[in-house]
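Novice: The structure is given below, and queries will be raised subsequently.
The values are calculated or read from the model by the stated rules, or taken from the named source; none is laboratory data. Everything numeric in this text was worked out from a predicted model, so none of it was measured. When we count neighbours, we look across all protein chains shown, and the Cβ atoms used for this are built from the backbone with ideal geometry, even at glycine. Heavy atoms of the whole protein, side chains included, go into the accessibility calculation; ligands, DNA and RNA do not. Shrake-Rupley method; radii C 1.70, N 1.55, O 1.52, S 1.80 Å.
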Amino acid sequence: MVTAPDEYAISDNAYQWSVRVFSIVRRLLSVNIKLHHDEDQISTGDIFLFNHFARFETFIPQYLIYQENGVYCRSVAAAEFFAQDAAMASYLRGVGAVPNNHPRLLPFLAAEILRGRKVIVFPEGGMVKDRRVKDHGGGYSIYSRTAAERRKQHRGAAVLALALDAFKTLVRHAEERGDEQWLEAAAGRLGLGGPEPLLAAARKATLIVPANITFYPIRVDDNLLRKGMELFNRGLSRRASEELLIEGNILLKNTDMDIRLGDAQRVALRWHWWEMQLMRRLARRVSNLDEVFELPAHSGGWDTRMLSRRLRRKSMAVRDSYMHEMYLNVTVNTSHLASSVIFQLLEEATTRIAMPAFHQILYACIKRVQKESGVHLHRSLRNPAAYSAILDGGGEGLRQFLANAGNAGLVGVDEGEYVFSDKLAREHSFDEVRLENIVEVYANEVAPITVIGDHVADAIRGADALTAQALAALRFDDQLLAHRWDLAQFSKPRHAEINAQQTATADPSWFLELPKDHHDLGVVLVHGFLASPAEVRGFGERLAALGYPVIGVRLKGHGTSPWDLRERSWQDWLASVQRGCAIMRAYAARFAVVGFSTGGSLALRLAADRPPGLAAVCAVAVPLKFEDRNMRFVPLVHGANRLVSWVSSYEGVMPFRENNSEHPDINYRHMPIRGLYELRLLVSELERRLPDVRCPLRIVQGDRDPVVAPHSARMVHDAVGSKHKDVVMVHADRHGILSEDIDGTQQHVIDFLDSVRLSPPTE
């Protein structure tokens, strides 16, 4: 009989209680769990396989699958947990766990799958702390503490899937020959209530879903959990201390736990036609699941023995296939790539490297790996805001990695060079490697992904050829990625109502125009508030046709969603302009910044810092005073919004204000009050810093501008410290004088740029 005995019946109360408790604990802990999967993997999968790096992760897959699909799961637990404590044993049985010494473990799990439940398996067995999953021959193996040697991963999941699929074949054959008695008996033994549920289960493909759990970052510094245990248990073992240190940091400190479901393995594809014929022969002799799992290898007929041998060989092939998929689904992060770079350098006998050279290699490696569609990157490697500072030795990911490696005595700094310790090459025991050589643990984890090693090697070999222009091209690509990232972050359901009302359709992306024979003066174009690079793209194309290299900057928060702009400060906008200047600096020794409206304010604020290479600024319709008298009330409304957000979940008394734009295909239809407030702050900052502007300056202003008070132009002119400056007033009753080229505005700018280009550098 294979009906579930009462002692292993899943308890609805225990399961629901566990889900509620885990939901509460999840909110209290600092581990950030993210489940990545396709739409149907959880609903169609039968056997879910997970790698094993921490104790607590064994409780998480069941919880996530239940939350996603509402289905109970079976899992396998060590028999010792069922023998030591009656209450613990009762609880484990209630939430679907089965002891690993259950006499009918695999037939029992197969029957549960036929009843519609999922099965969770950890094919590595115990925890794999070193993450060294490949043997010297390139195959997959792990360290076994009990055997004190490396071994292959368990085949249980493969045997379970193959035997289950074989039984499904027998069911279908019984249906083909019209054997109602066989079907009734089989359904009865499974407790399915009749042949129809059994036939429905038999028609469904048996699917194995390999999954990878990746923690980031892995910290080796001390934590309260380990210190507390040390107080109560003096002489804590090395193994216990290591586990509390690493796993306590995962739980208590901000850690990402990415669970990624890989491509489902369809077991039926493993059968050859002649093997199907063998199963047809067996169909009349085999009557239940247990007999399928007990096919003798050395007795019975030749067909039985042959099929048994085939099942064993196939189980090894299936095991290797799903382990390969499991290890390929690691979520790659900065520490993985930095560790791989270090070990590749060590293989080339490089024990010291200049810090800027290491940063460039790591950055180039990130950019190379981004192009690999089959590599799953941690979100910090898909968001340029999180990794682009690596080029300058910054970024949270690099900082964390260096801090951990430094604390472990693996990587040091000496006279502007990173120094790699001899400790990196030492062998460490299984229970100490996570503490003593975290760099090796990271490198081992991505070793199965061969393209990572290839890109690391290419980045090291190509380090000398990574010119300023090559780096600038990569940085420009970052800006395109950043736009897609920002757009995705502010396209969630909570943003939908405002987003749906937007009318902007023009391309909001950064642009870079590099004429073949271009001038040595570059131009950085900066759009206005609520707009995007589309506002200056036409003018940029005109400048490029005249031989100017041109870059169009997208200010953070623009070209995506008004919600995005609501989260940005004027310093974020200025940083966007600075990034544009850094890119242009690689293509032109000198550059001018042409800014429209708020873009003009940012150009002047940038000039106050006198960045290297800045030759001039042209500020068009730059706001210092506004025609809209309501701007004076913006700080008051913004303060009210903040007060409301503190005391309720409501978004504020007036989070957005409608915008009647001159260019609805370019501008947001809604202005966030927070954005207007930041604009006021920018103008105040600009007034304070105008005397620090010393570069050549042209101000172009419409004489009847409905947005910017025309006398702003003269106020700016009189306040700046530039020796070479002028004001050009154009006849216009519209604000958008640059994009619309009203009264020759564009030519006024071009004339100024030509004069700067042909003049010697000046302050």
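Novice: How much of the accessible area of the chain, in percent, comes from carbon and sulfur atoms when a 1.4 Å probe is used?
Specialist: On the way: 16700 of 32330 Å².
Its accessible area is 52 percent carbon and sulfur atoms.
Novice: Which order do T350, T467 take when ranked by solvent-accessible area (1.4 Å probe, heavy atoms of all protein chains), largest first?
Specialist: On the way: T350 40, T467 75 Å².
From most accessible down to least: T467, T350.
Novice: If Lys and Arg each add +1 and Asp and Glu each add -1, what is the summed charge of the other residues whose beta carbon sits under 13 Å from the beta carbon of H518? Write out the running numbers ahead of the final one.
Specialist: On the way: positive: K516, R590, R757; negative: E513, D517, D520.
Net of charged neighbours comes to 0.
Novice: On to the next question. Keeping all protein chains in place, calculate the accessible area per residue for segment 318-373 (probe 1.4 angstrom), answer in Å².
Specialist: Values: 1800 Å² over 56 residues.
Per residue, segment 318-373 has an accessible area of 32 Å².
Novice: Next question, about the same structure. For the chain, what proportion of DSSP beta bridges, expressed in % and rounded to the nearest 5, is antiparallel? Walk me through the numbers before you get to the answer.
Specialist: Numbers: 26 of 73 bridges.
Once the DSSP bridges in the chain are tallied, antiparallel ones form about 35 percent.
Novice: Ok, one more. Once you sort the root eigenvalues of the Cα gyration tensor of the chain as a ≥ b ≥ c, which label holds: rounded (a/c under 1.5), prolate (a/b larger than b/c) or oblate (the other case)? Don't skip to the answer; put the middle values down first.
Specialist: Working: a/c = 2.44, a/b = 2.05, b/c = 1.19.
The shape class here is prolate.
Novice: Any idea of the accessible area per residue across segment 417-529, 1.4 Å probe, to the nearest Å²? Don't skip to the end; give the middle numbers.
Specialist: Details: 5090 Å² over 113 residues.
Value returned for segment 417-529: 45 Å² of accessible area per residue.
Novice: Rounded to the nearest 10 Å², what accessible area does T351 have for a 1.4 Å probe in the complete protein model?
Specialist: Estimated to the nearest 10 Å², T351 gives 70 Å².
Novice: Now for a separate question. Counting only heavy atoms of the protein chains, get the accessible area per residue of segment 71-217 (1.4 Å probe) and round it to a whole Å² value. Walk me through the numbers on the way to the answer.
Specialist: Working: 5520 Å² over 147 residues.
On a per-residue basis, 38 Å².
Novice: Given a Förster radius of 25 Å and the C-beta distance between R177 and D40 as r, what FRET efficiency does 1/(1 + (r/R0)^6) yield to the nearest 0.05?
Specialist: On the way: r = 32 Å, r/R0 = 1.29.
Efficiency, from the Cβ-Cβ distance: 0.20.
Novice: Moving on. Could you work out the mean projected area of the convex hull around the alpha carbons of segment 88-204, in square nanometres to one decimal?
Specialist: On the way: hull surface 40.3 nm².
Over all viewing directions, segment 88-204 projects a mean Cα-hull area of 10.1 nm².
Novice: Where does the charge balance sit around I353 when Lys and Arg score +1, Asp and Glu -1, over other residues with C-beta under 13 Å from its C-beta?
Specialist: Details: positive: R352; negative: E348, D414, E415, E417, D464.
Summing Lys/Arg as +1 and Asp/Glu as -1 gives -4.
Novice: For the pair L105 and N13, how long in nm is the line joining their label points, each one 7 Å along Cα→Cβ?
Specialist: 3.0 nm
Novice: With a sphere of radius 12 Å drawn around the Cβ of V550, what net charge do the other residues whose Cβ falls strictly inside it have (Lys, Arg +1; Asp, Glu -1)? Each step should come with its number before you reach the end.
Specialist: Values: positive: R537, R542; negative: E513, E541.
The answer is 0.
Novice: Looking at segment 504-589, which trypsin sites (Lys or Arg not before Pro) are DSSP coil and have at most 15 other C-beta atoms within 10 Å of their C-beta?
Specialist: On the way: sites: K516, R537, R542, R554, K556, R566, R568, R579, R585; in loops: K516, R554, K556, R568, R585.
Answer by residue number: K516.
Novice: Calculate the length of the line joining the C-alpha centroid of segment 567-581 to that of segment 395-466, in whole Å.
Specialist: Distance between centres, Cα-based: 33 Å.
Novice: Apply the a/c threshold of 1.5 to the C-alpha gyration tensor of segment 409-548 and tell me whether it is rounded, prolate or oblate.
Specialist: oblate
Novice: Let a ≥ b ≥ c be the square roots of the eigenvalues of the Cα gyration tensor of segment 695-762; is it rounded (a/c under 1.5), or, if not, prolate (a/b larger than b/c) or oblate?
Specialist: oblate
Novice: What value, in deg cm²/dmol to 500, does the helix sum -39500 (n - 2.57) over DSSP H runs of n ≥ 4 give at 222 nm once divided by the residues of the chain? Please list the in-between numbers first.
Specialist: Numbers: 31 runs with 355 residues, N = 763.
Helix-only estimate at 222 nm: -14500 deg cm²/dmol.
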